[in-house]
Amino acid sequence: CLCLCLCLCLCLCLYLWAGVCQMQAPRHPSSSGVLPGRGLCHRGCFLHALLHANCGSQLHHQEVITHLSSIYSLDSRELRFSRAMVFAVEEINNSSDLLPGVTLGYQVHDSCSSVPMAVKLAFQLANGLDPMFDTGEQCSGSATVTAIVGESGSTPTISMLRIIGPFGIPQVSHFSTCACLSDKKQYPTFFRTIPSDQFQAAALARLIRHFGWTWIGAVRSDSDYGNNGMAAFLQAAQEEGISYDIIMFPSSTARVVVAFAATGDMRILLRELESLPSPPRQWIGSETWVTDPDMLRFGLCAGAIGFGIQRSIIPGLRNFLLDLSPQKVSNSPLLTEFWEGAFGWTSSTGKVCDGSEDIQQLQTPYTDTSQLRVTNMVYKAVYAIAHAIHSIVCEERENSTVNCDKNLHVKPTQVNDKSIVSFDANGDPVPTYELVNWQIGESGKMEFVTVGRYDASLPPDQRFDMEREITWVKNSTQVPVSVCSESCPPGTRKAVQKGKPVCCYDCIQCAEGEISNNTGSVCQSYCLICPEEYWPNAERDRCILKPVEFLSFHEVLGIILTACSVGGACLAIATATVFYRHRTSPIVRANNSELSFLLLFSLTLCFLCSLTFIGRPSEWSCMLRHTAFGITFVLCISCVLGKTIVVLMAFRATLPASNVMKWFGPPQQRLTVVSFTFVQALICTLWLVLSPPFPIKNLTTYKEKVLLECDLGSVGAFWAVLGYIGLLSLLCFVLAFLARKLPDNFNEAKFITFSMLIFCAVWITFIPAYVSSPGKFTVAVEIFAIITSSFGLFFLLFVPKCFIILFRPEKNTKKHLMEKTSNDVRY
């Protein structure tokens, strides 16, 4: 491929010089130029030299053809480039504005993309050529080459510059695009009319990013053009987040292939691919081959896109190209070679030219002037050199006429300095490209269609502009997909596969509390954490507000606890009503009616205080629920404790000479209840003043929801309240237990013992349940403990009495209460 690539490029050199000629003709040839091309041949190379170094208006040509191989054919596109150079020279020679009175001469050499051949030509140009004189004319001046147009290939151009650079000879290329040639330290005399591949590489990377391709194949020529161009492209692609694949036809998974290759290399590659069973691929081509009309014959590249030089119109060029009479053809070995290949008359075929051939009907790249891209670069290169020479030898006069000094000796270094004004600091033109698409036209043939533009002189976000629809591979209007891995769906993230490029990845679901909502994002290798009060939805593609949880009056658990609380309060009120209606009955009077009514009142408050634990927590409800609970329960236990002490003191008073009852009468009972309750009230007051409970949003217990709770403020105060209730309960239990066997037909100490046993059991089990219960169940456990302990006191202390009052009135007599029982203890 390397050898064939070198043989596929045309090297065209233009010698331009301004010589001093004393003659009667109106225009004089100055110097000579050379236009090395990429090679006028497809296969094999020959050397074709066209020499013009005479003085006078009649041009004399000397042609030499050196055949390197007989198996190669002419590249008619490159022939068009060389003929465009001749056309530009003749157009300048006929101009009255540019170099008036000075005739440019030229030579055309074919390097056949052979580096040794290009080096040989460079040595010839650097050493100078003996001038040829027309008879009767005398021409003075040096025959040293003034400037060179060419080469078409980057590698031969570099080889030539190594030789002619030290001599200061400017070389203007129309097709050498290697970015390495922009280095003015190495190549100070190099200029070009075609943009550097550095710009094309950036444009191709932007194009691929525009269509969302992140996994592409890469093909290149092993030359300065291919190596430097692909390196620049891969660097730009990496900056765009694009991965590439080493193409192994036909097994590569990449469906989009970028080819930075010479036309000859692509021709060989595509011929091989035509014989291989491989899936259709979308080709992205560099300017060299993607705008070559000869490549349109490869149908597997239908839909190919790439950047090309802007099309131009060169008036008169087509007529010049077609103005080939049999005499002109026979006088030029180069045109004879072209004519033989075009019409198929050679000695081997036995066909002979009879003069009836019509080039107007010929369909070859040579006659196709609809896509003048590189051809225009040749045309501009000639004019750039001509303008540089004009600025040296010509000056404008006051009467707007131009006077050119034919006797002025023009040195190559002068042209080199003047050529800089036509290019940027690196000798490159402003890069402007057309996006070319291979489409099948109405005639059924493949053709180039401009679908967009790229202008590197504009801001980055305005450089790429699409103008019309693109026809993709297999004549599809849908953008092909070329990815190593499919885009991760929302709710997942990318995990790079070990040992593979960054665009080859697995899709892993986002972790708990994270989302991803950018499908196919270039850098979606991570998930986003939702804000504190938000949580991912089931798909994990967006954050939603966390549900708020608290024990509500509207849920089943809240309704049950509310019903029990209200029911208990109603029972306590009903019992108080019964006791009030039978307040004069022996059983009510015998059980300390004042403490009984106070106990029923405290039980009612105990039942109702549980309601403060239900509902959305607020500042007032948080402060009220614990303090109300603590005070009401101490009031309740104080009453029970008072009744227990009364029982003990009553039976103690039956002993001889005992007067203890006078020390524990009604005033002392009231004082006891008030004193015990005051201590709890003082604890609660200090709690509310120093560090009161307050509502909080608990975001730690459950990650997926928000718990509305009451922070205790001071945990020590909370446990002090519970501890004080537990201390009174234990004291009451001990006293009741001591009085359980005292003689009486209705000994209330037994019921107090059982009620305190239940009370203590409930609150002892409450502690671990309270600590381990999460969220609203913590509140439910506390309410359950309040209601259960309250019902325990109520049922054991008041239900038996109510049963006797309502259903066994015969036992509600003083006589029955005073009867001896088996538990009597005689003293």
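The trypsin sites (Lys or Arg not before Pro) found in region 471-506 that occupy coil by DSSP, while having at most 10 further C-beta atoms within 10 Å, are Lys498.
The stretch between Gln186 and Ser391, if pulled fully straight at 0.36 nm per residue, gains 71.2 nm over its current Cα-Cα span. Sorting Trp620, Trp283 from the fewest to the most surrounding beta carbons within 10 angstrom yields Trp620, Trp283. Please report, to two decimal places, log10 I(q)/I(0) for region 556-813 at q = 0.08, 0.10 Å⁻¹ as given by the Debye formula with identical point scatterers on the Cα atoms and no solvent. Results for region 556-813 at q = 0.08, 0.10 Å⁻¹ read -0.34, -0.52. Restricting region 391-471 to trypsin sites (Lys or Arg not before Pro) that sit in a DSSP loop and have at most 13 other Cβ atoms within 10 Å of their own Cβ leaves Arg397, Lys445, Arg468. Toward the positive end of the charge dipole of region 556-813, with +1 on the Cβ of Lys and Arg and -1 on the Cβ of Asp and Glu, the farthest Cα among Leu735, Phe629, Ile559 is that of Leu735. Cα centroids of region 530-594 and region 696-718: 20 Å apart. Inter-label distance, Phe343 to Leu699: 8.9 nm, where each label sits 7 Å from its Cα along the C-beta direction. Checking the table Lys474/Lys500; Lys380/Lys445; Lys494/Lys703 against a 28 Å threshold on Cα-Cα, which pairs fail? Beyond 28 Å between Cα atoms: Lys474/Lys500; Lys380/Lys445.
Computed log10 I(q)/I(0) for region 492-545 at 0.16, 0.17, 0.20, 0.28 Å⁻¹: -0.47, -0.52, -0.66, -1.04, from the Debye equation with unit scatterers placed on every C-alpha and solvent omitted.
The numbers here are math on the coordinates, done by the rules we state, and not lab data. As the structure is a computational prediction, the values presented were derived from the model and not from experiment. Positions of Cβ are generated from backbone atoms using ideal geometry, with glycine treated the same way; all protein chains shown enter the neighbour counts.
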